[in-house]
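The values are calculated or read from the model by the stated rules, or taken from the named source; none is laboratory data. In this text, all values refer to a predicted model and were calculated from it rather than measured experimentally. Positions of Cβ are backbone-derived with ideal geometry, glycine not excepted, and every protein chain shown enters the neighbour counts.
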Amino acid sequence: MRQDIYLTGQEKFFDENEIIVSKTNAKGHITYANKLFLDISGYSEKEVLAKPHNIIRHPDMPRCIFKMLWETIAEGKEIFAYVVNRCKNGDHYWVYAHVTPSRDMKGDIIGFHSNRRVPDRRIIEQEIIPLYQELKKAEDLESDRKIGLEKSGNMVSVMLADKGLAYDEFVMTVGQQRRRGYR
């Protein structure tokens, strides 16, 4: 990851009735971005089309979460995830993402479709940010990026095993788990 990424620390928000939409080809290059995607990210359509979707990747986002996301959708399954994205100007915004494979008439995966909604603020602040900070710290402590990724991935696996949940179940129920005494 580039080390020269500028961050403002300022968070942007969008309305709970709005949906950020993007589509990519099978290699993750953007083929469509709706107006809200462009407005909140600060990029023009020309700047994002045919570019890797990670153009909006925030450096605080744990790589193990993206690895899990890409492995899941490459298998043809859908996934939900909490993601922090970076705007062109260095601001950031949180989303609750639903990513699904797009298929051709033969059923082959030809790309991916993502809808992002406003996440529950309490879940972001109480659950996701602390978890992601732990995962990111584990990744960054290792000089070998591959070992750091493996370490953070193992942390997620252990957490899920302790809760008796698959990742999608964890994401769908994270707010309910605290009320039941998990974490």
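Quick look at the values:
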{"item": "Residues within the stretch 65-101 that are of a type in the set (A, V, I, L, M) and without any contact (Cβ under 8 Å) to a residue 12 or more places away in the chain, tallied", "result": "0"}
{"item": "Restricting the stretch 16-53 to residues that are outside any helix (DSSP H, G or I) and of a type in the set (Val, Ile, Thr), the residue that is farthest from Arg121 (Cα to Cα)", "result": "Thr31"}
{"item": "Hits in the stretch 151-170 (condition: modelled with pLDDT under 95 and buried (at least 18 other Cβ atoms within 10 Å of the Cβ))", "result": "Tyr167, Phe170"}
{"item": "Hey, Met68 of a type in the set (A, V, I, L, M), in a helix (DSSP H, G or I) and touching a helix residue (DSSP H, G or I) at 6+ places or on another chain (Cβ under 8 Å) or not", "result": "yes"}
{"item": "Selection from the stretch 40-64 of residues that are acidic (Asp, Glu) and closer than 25 Å to Met159 by Cβ", "result": "Asp60"}
{"item": "Residue that is within 18 Å of the chain's Cα centre (by Cα) and more than 30 Å from Ser143 (Cα to Cα), where the choices are Lys35, Lys23, Lys46", "result": "Lys23"}
{"item": "Residues of the stretch 93-135 that turn out to be touching an Asp or Glu at 6+ places or on another chain (Cβ under 6 Å) and either in a strand (DSSP E or B) or at pLDDT below 95 (or both), as a count", "result": "2"}
{"item": "Hey, Asn115 surrounded by fewer than 18 Cβ atoms within 10 Å (Cβ to Cβ), touching a residue at least 40 places away in the same chain (Cβ under 8 Å) and touching a His at 6+ places or on another chain (Cβ under 9 Å) or not", "result": "yes"}
{"item": "Which listed residue, of Ala81, Ala26, is under 26 Å from Asn154 (Cβ atoms), small (Gly, Ala, Ser) and either out of contact with any Pro (no Cβ under 8 Å at 6 or more places or on another chain) or surrounded by fewer than 14 Cβ atoms within 10 Å (Cβ to Cβ) (or both)", "result": "Ala81"}
{"item": "Residue list for the stretch 48-86, filter: touching a Cys at 6+ places or on another chain (Cβ under 9 Å) and among the acidic types (Asp, Glu)", "result": "none"}
{"item": "Selected residue (criterion: surrounded by the fewest Cβ atoms within 10 Å (Cβ to Cβ)) from residues of the stretch 54-65 that are in a helix (DSSP H, G or I) and under 11 Å from the mean Cα position of the chain (by Cα)", "result": "Asn54"}
{"item": "Index of the failed condition, Ser143 passing every other in (1) more than 15 Å from the chain's Cα centre (by Cα); (2) assigned to a helix (DSSP H, G or I)", "result": "(2)"}
{"item": "Candidate set from the stretch 84-112 (those that are under 22 Å from Pro130 (Cα atoms) and aromatic (Phe, Trp, Tyr)); member that is surrounded by the most Cβ atoms within 10 Å (Cβ to Cβ)", "result": "Trp94"}
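Residues checked against (1) in contact (Cβ under 8 Å) with a residue 60 or more places away in the chain; (2) of a type in the set (A, V, I, L, M):
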{"site": "Asn17", "(1), (2)": "no, no"}
{"site": "Val21", "(1), (2)": "yes, yes"}
{"site": "Ala33", "(1), (2)": "no, yes"}
{"site": "Leu38", "(1), (2)": "no, yes"}
{"site": "Gly42", "(1), (2)": "no, no"}
{"site": "Lys46", "(1), (2)": "no, no"}
{"site": "Lys51", "(1), (2)": "no, no"}
{"site": "Ile56", "(1), (2)": "no, yes"}
{"site": "Asp60", "(1), (2)": "yes, no"}
